[in-house]
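Step one of this worksheet: look at the structure below.
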Amino acid sequence: MPENRDALEALTRAHMRPVAFAVKTNVMYDGSLDEESPVHGSAVSFKIGDYLHIFEKFDANWWVGRKVKEGADIGFIPSPDRLEQLILQKAPVGKLDRVKNGSANGPPAAAPAKESQKEGEEGATGVRVSAPPVIEKKKGFLGKKCETRSPFDVVPIMRPVVMVGPSLKGYEVTDMLQKAVFEFLKNKFEGRIIITHVGADLSLGKTSVLNNPSNRKLLEKSSLSRAKDLAEVQAEIERIFELSRNMKVILIDCDTINHPSQLAETSLAPIMVYLKITSTKVLQRLIKSRGATQSRHMNIQVVATEKLDQCDPEQFDLTLDEFQLEEACEHVAEYLEAYWRATRPPRQPNIE
């Protein structure tokens, strides 16, 4: 079949192509039973929260890409249009509007994601797929407004690494320890790492504000100062996206980020690393050792550490709580080596 030959050529071609863009999934899809894949058995399955590298758009229904996972091969990924078709096929009559547009009675965003990820539902084709979560907006004149998230969120090709802790940036203990880790990684990943400083407040870069055309009037009404800040943040986010095309490890030294929640609503999808000091007494001794000027700000630093300790561990991709700094450095290096391998597809077998 000509279509099958074209599909095989697309898979072969992808091994020689750079990654075009990357997405984070908001739905689950089990392609093991999808008989409409351009090449039988080549559909890429994924869960909610997976990251996918896309090499090209094959047609309206299929993309060529792979899961960002060590050893994962290149295959066919259903496009948002195809996923919507599958979701509508499985939706019971009366729920189609909620799947397509959301409703005031829709569940909160987190609930359907967890339930769907466990089971999914089979559509008419037997393919297991889940509907994207419904997001409730603020209550307005006509009641709560809901919208359905896209099946995919576009994210940087290489997820930037952001380090927080042990306390606040701008204070000597935190800056000193983070700098030591940065220097170690700079040497360990020489030629494979980009360390970039960001002074703008990236927490202002919420996807809903920057990427939604309906918010342009809101931005226009903002004060000149705020509009300037948002423009600066948007420029920095675009710069990080562009840096990620180099396929190197990106380490962001950001002045304003001290908590994972600050970047949760941005499109950066960072690898959050928590440099943790487990003992408050040890932190206090370190602060005192930096002199009277730092000791005067003891309380604010301790409170910041306590706030990080109260975070759900799942808010961090990696927690460095080793007693020795050298061990923490080796730990993060090992994690990033694994991530590096995950972003590279296995070599294409020789085809005679």
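Stretched out fully, how many nm does the piece from Asp73 to Met16 gain, at 0.36 nm a residue minus the Cα gap? Don't skip to the end; give the middle numbers.
Numbers: separation 57, 0.36 × 57 = 20.52 nm, distance 1.33 nm.
Net length gain for the segment: 19.2 nm.
Counting only residues 5 or more places away or on other chains, whose amide H sits under 5 Å from the amide H of Asp253 once H atoms are built in the peptide plane?
Amide H neighbours of Asp253: Thr196, His197, Val198.
Given the peptides 73-86, 269-282, arrange them by the average over their residues of other C-beta atoms within 10 Å, most packed first.
Peptide ranking by packing, descending: 73-86, 269-282.
Express in nm, to one decimal, how much length is gained between Lys179 and Glu35 on full extension, taking 0.36 nm for each residue of separation and deducting their alpha carbon distance.
Values: separation 144, 0.36 × 144 = 51.84 nm, distance 5.17 nm.
Fully extending the segment from Lys179 to Glu35 adds 46.7 nm.
Do the alpha carbons of any pairs in Lys24/Lys47; Lys24/Lys307; Lys179/Lys281; Lys24/Lys90; Lys206/Lys307 sit beyond 20 Å of each other, and which pairs?
Going by Cα-Cα distance, Lys24/Lys307; Lys179/Lys281; Lys24/Lys90; Lys206/Lys307 fall outside the 20 Å limit.
Taking Rh as the Kirkwood radius computed over C-alpha pairs, what is the Stokes-Einstein D of the stretch 224-326 at 10 °C in a medium of viscosity 1.306 mPa s, expressed in µm² per second?
98
Any idea what the relative contact order of the stretch 158-342 is, in percent, if you count C-alpha pairs under 8 Å spaced at least 6 apart? Mind dumping the intermediate values first?
Values: 235 pairs, mean separation 65.7, N = 185.
Once divided by the residue count of the stretch 158-342, the mean separation gives 36 percent.
Sort the following peptides by mean Cβ neighbour count (other Cβ atoms within 10 Å, averaged over residues), highest first: 336-345, 56-65, 158-167.
158-167, 56-65, 336-345
Between the stretch 233-265 and the stretch 45-92, how many Å separate their Cα centres?
25
So between Arg296 and Glu337, what do we pick up on full extension, going 0.36 nm a residue minus the alpha carbon distance?
10.8 nm
Relative to the compact-globule scaling 2.2 N^0.38 Å, provide the ratio for the alpha-carbon radius of gyration of the stretch 158-342. Write out the running numbers ahead of the final one.
Numbers: Rg = 17.4 Å, N = 185, 2.2 N^0.38 = 16.0 Å.
Compactness ratio reported: 1.09.
Any read-out appearing in this document is the output of simple, stated calculations on the displayed coordinates, not a laboratory observation. Computed from a predicted structure; not experimentally measured. Reconstructed Cβ throughout: ideal geometry from the backbone, glycine too, with neighbour counts over all protein chains shown.
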